[in-house]
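Novice: A single structure is presented below for examination.
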Amino acid sequence: MKDAEGNPNWPQRRERLLNRLRARRAALGRPARGFATRPEPRTIGNAPRGRQLAAGTLVHSGHHMETGGRALWDLDMPTPRFEAGLHGFGWLDDLAAFGDGAARKCAQDWTWDWIARFGRGAGAGWAPDLVGRRLIRWGGHAAFLLKGRTPAGREAFFRAMTTQTRFLRRRWQAAPPGLPRFEALAGLICAGLALEGQERCALPAIRALSRECDMRIDAEGGVITRNPEELLEIFTLLIWAAQAQLDAGHKPEAALEGAVQRIAPVLRALRHADGALTRFHGGGRGQAGRLDQALAACGIRPGAQPEMAMGYARLAAGRTTLLIDAAPPPSGAASVNAHASTLAFEMTSARRPVVINCGPGTGFGETWRRAGRATPSQSTLGIDGLSSSRLGLIGRGRRDEILYDLPGDVRTHRSTEGGVQHILLGHDGYVSTHGLTHVRQLSLSGDGRVLRGEDSLGALSETDQERFARHLAGSQAAPAGLPFSIRFHLHPDAEAVPDGDGGGVSITLLSGEVWRFRHEGSAELSLEPSVYLEAGRLKPRATQQIVLAGRVVEPVCQIDWTLAKAEDTPQAIRDILRDDDEHLRDEET
């Protein structure tokens, strides 16, 4: 494993050495002379970011650098994660999206410089998942890269692609299970079928990909990490692998097609009304356009939405959608990016996110990464100073896995009464420490304009009551009680101000909608700073959170709250929202 900043330890250095040796062996032999089938661009870039990069400004993995005419490989690498990202060639998507002469020159210079420096196994770019990622981009943007190149330059390009393809044929198994292995296999299939004379490399990979689909994609279409964005990335890779097989005259195997059919409805259930994915367990909103592109390519028409998808419950009515983490978090090796977010929810009103989780802080360093995983960074209830799942250590050199005091019993019950959708949820993540169970009930009105919530902490059994009493008696909090907080993190584009009477908060969205938050019970309401952690930005975005702070004195404590759309929205805004509704319905169709 790597340390906190991603620096490799001895096992990681050993893998790098094996990769280098295998890459040198793969460079032997006759290279492909060209493409047997012309690969199409698979990935979507960001043209404004490509313009910046062509002008000498690199924004990558939370860092801002001026290239000053230097090659990317001459820059100071602030972290191993930053360096690995450059070797994955994601920046090539942006330059190709911009696509002018200066962008092409940068792309060509940096690609052929990579070939000269690292093409025989040197550097940090020979992890199998990085090689697969790079091959997909090189193949998809080959026309952009090869335009105007000399015969010697073209020969060097195809030799490098052949070397990487042969390397993956022998080393894809070294990629960790999950997304990295899917990246390695998809890259091997796409390159092996596209390059002349390399089909023999792709055929075993096609069979291996089918086995991975059967092992890693469960019967309901989810993955063990419960990361929605990771599921989208895997889904996209499977679509690309299937398209590469069809382009080469092969029919995709049944296991791959079955995995695609299982995943598609799950991803549809995990997207908000604005089209973005819900942000849980290390996943972000998803690259703009990626989900729509993948769903369109798979050709699977929308069906009935499942009530539960990969452990997330969905409530939707009118313009409002809620997605709730309604299952235990991952454990063991699958939990290295998991969050202590049990019973947290996100809410969107049409195209405007309202309630969010802080999100993954991986791109902003280890401190933000750990903070983003804790319960206070989720929109749920938490006992002050303690997450509902704890981050622990296991094994030599391993860290940051949610491994102990997980919520083992997470229950849900759904019902509908008079058009109102109700969901009752509970988890026992605080039973082992305090004897308390968190119970949350959410009720969404039939028109989506009112969300009612009840959050309770209770000692449900005699044993739990005794544990709670012992903790309270031995705590500095007695007799004031055990402090807890219910947090509602708000999107940065939502402007929140306290109501004049101090008993609520008004939230104004960019669309002009106004939502009002009110509560009942002994908790104190406050509006506090928060952050929105989003990949691709230089620093976290400042935002706000509504906090209900209370204390548990008795074995049962309940706080009721309401989030309702205001009735006094101006007529002009209502007309805009009505047009927006019609546009959303057209898009869904």
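The values are calculated or read from the model by the stated rules, or taken from the named source; none is laboratory data. Note that the structure is predicted; figures quoted are calculated from it, not measured. With ideal geometry, Cβ positions are generated from the backbone for all residues, glycine too; neighbour counts draw on all protein chains shown. Protein only, heavy atoms only, side chains kept; ligands, DNA and RNA dropped before computing areas. Shrake-Rupley method; radii C 1.70, N 1.55, O 1.52, S 1.80 Å.
Novice: Using the structure shown, decide if S506 is of a type in the set (G, A, S) and in a helix (DSSP H, G or I).
Specialist: So S506 fails the test.
Novice: Does G119 satisfy the condition of being on the phi > 0 side of the Ramachandran plot, surrounded by fewer than 22 Cβ atoms within 10 Å (Cβ to Cβ) and either hydroxyl-bearing (S, T, Y) or out of contact with any Gly (no Cβ under 7 Å at 6 or more places or on another chain) (or both)?
Specialist: Criteria not met by G119.
Novice: Residue by residue through region 331-387, note down the ones that are assigned to a helix (DSSP H, G or I) and either without any contact (Cβ under 8 Å) to a residue 40 or more places away in the chain or over 15 Å from R541 (Cα atoms) (or both).
Specialist: Correct list: G332, A333, A334, S335, E366, T367, R369, R370, A371, R373, T375, P376.
Novice: Which one of the conditions (1) surrounded by fewer than 18 Cβ atoms within 10 Å (Cβ to Cβ); (2) of a type in the set (D, E); (3) under 30 Å from S349 (Cβ atoms) does E229 fail to meet, given that it meets all the rest?
Specialist: Checking E229 against (1) surrounded by fewer than 18 Cβ atoms within 10 Å (Cβ to Cβ); (2) of a type in the set (D, E); (3) under 30 Å from S349 (Cβ atoms), the one that fails is (1).
Novice: Which of the residues that make up region 170-200 are open to solvent by 10 Å² or more (accessible area, probe 1.4 Å) and under 19 Å from the mean Cα position of the chain (by Cα)?
Specialist: P176, P177, G178, L179, P180, R181, E183
Novice: So which of A276, A244 ends up being surrounded by 17 or more Cβ atoms within 10 Å (Cβ to Cβ), aliphatic (A, V, I, L, M), at pLDDT 90 or above and under 20 Å from V355 (Cα atoms)?
Specialist: A276
Listed here are the residues, each with its yes/no results for (1) in contact (Cβ under 8 Å) with a residue 60 or more places away in the chain; (2) surrounded by fewer than 16 Cβ atoms within 10 Å (Cβ to Cβ); (3) of a type in the set (A, V, I, L, M).
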residue	(1), (2), (3)
A124	yes, no, yes
V131	no, no, yes
R137	yes, no, no
A142	yes, no, yes
P151	no, yes, no
L168	no, no, yes
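Novice: Next question, about the same structure. Among (1) surrounded by fewer than 24 Cβ atoms within 10 Å (Cβ to Cβ); (2) over 28 Å from the mean Cα position of the chain (by Cα), which single condition is T162 missing?
Specialist: Every listed condition holds for T162 apart from (1).
Novice: Given (1) outside any helix (DSSP H, G or I); (2) of a type outside the set (K, R); (3) under 12 Å from the mean Cα position of the chain (by Cα), where does I234 come up short, assuming only one miss?
Specialist: If we test I234 against (1) outside any helix (DSSP H, G or I); (2) of a type outside the set (K, R); (3) under 12 Å from the mean Cα position of the chain (by Cα), just (1) comes out false.
Novice: Yes or no: region 289-309 includes at least one residue that is assigned to a helix (DSSP H, G or I) and in contact with a strand residue (DSSP E or B) (Cβ under 7 Å, 6 or more places away or on another chain).
Specialist: Yes, region 289-309 contains at least one residue that is assigned to a helix (DSSP H, G or I) and in contact with a strand residue (DSSP E or B) (Cβ under 7 Å, 6 or more places away or on another chain).
Novice: Which one of these is modelled with pLDDT under 95 and aliphatic (A, V, I, L, M): A54, A116, A26?
Specialist: The match here is A26.
Novice: Continuing with this model, one more query. State all residues of region 84-113 that are among the acidic types (D, E) and surrounded by fewer than 20 Cβ atoms within 10 Å (Cβ to Cβ); if no residue qualifies, say none.
Specialist: Residues satisfying the conditions are D100, D109, D113.
Novice: Tell me, which residue of region 57-71 that is within 25 Å of P128 (Cα to Cα) and assigned to a loop (DSSP other than H, G, I, E, B) is modelled with the highest pLDDT?
Specialist: A71
Novice: Sticking with this one: Given the residues A304, A316, which is the only one that is open to solvent by 10 Å² or more (accessible area, probe 1.4 Å), without any contact (Cβ under 8 Å) to a residue 40 or more places away in the chain and not charged (D, E, K, R)?
Specialist: Only one candidate passes the filter, namely A304.
Okay, residues lined up against (1) assigned to a loop (DSSP other than H, G, I, E, B); (2) within 25 Å of the chain's Cα centre (by Cα); (3) under 30 Å from L533 (Cβ atoms):
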position: R22; (1), (2), (3): no, no, no
position: P31; (1), (2), (3): yes, no, no
position: W73; (1), (2), (3): no, no, yes
position: A84; (1), (2), (3): no, yes, yes
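Novice: Working carefully through the options V531, V497, find the one that is modelled with pLDDT of 95 or more and surrounded by 15 or more Cβ atoms within 10 Å (Cβ to Cβ).
Specialist: Of V531, V497, the one residue that is modelled with pLDDT of 95 or more and surrounded by 15 or more Cβ atoms within 10 Å (Cβ to Cβ) is V531.
Novice: Run G481 past the list (1) surrounded by 15 or more Cβ atoms within 10 Å (Cβ to Cβ); (2) at pLDDT below 95; (3) in contact with a His (Cβ under 9 Å, 6 or more places away or on another chain) and report the number of the one that doesn't hold.
Specialist: (3)
Novice: Quick one: which residue in P265, P328 is assigned to a loop (DSSP other than H, G, I, E, B), surrounded by fewer than 22 Cβ atoms within 10 Å (Cβ to Cβ) and of a type outside the set (S, T, N, Q)?
Specialist: The unique qualifying residue is P328.
Novice: G69 passes all but one of (1) closer than 22 Å to G361 by Cα; (2) open to solvent by 20 Å² or more (accessible area, probe 1.4 Å); which number fails?
Specialist: All conditions pass for G69, except number (1).
Novice: Cβ-Cβ distance below 7 Å, separation of 6 or more or different chains: which pairs start in region 231-243 with a residue that is among the aromatic types (F, W, Y) and end on one that is at pLDDT below 95?
Specialist: Once the first residue is among the aromatic types (F, W, Y) and sits in region 231-243, its partners that are at pLDDT below 95 give F235/A294; W240/R42.
Novice: Six or more apart or on different chains, Cβ under 6 Å: which pairs go from a residue in region 210-221 that's open to solvent by 70 Å² or more (accessible area, probe 1.4 Å) to one that's modelled with pLDDT of 95 or more? Could you list them?
Specialist: D214/A255
Novice: Being within 22 Å of S388 (Cβ to Cβ), outside any strand (DSSP E or B) and open to solvent by 50 Å² or more (accessible area, probe 1.4 Å) is the filter here, so list the residues in region 405-458 that pass it.
Specialist: Correct list: D405, L406, G408, D409, S432.
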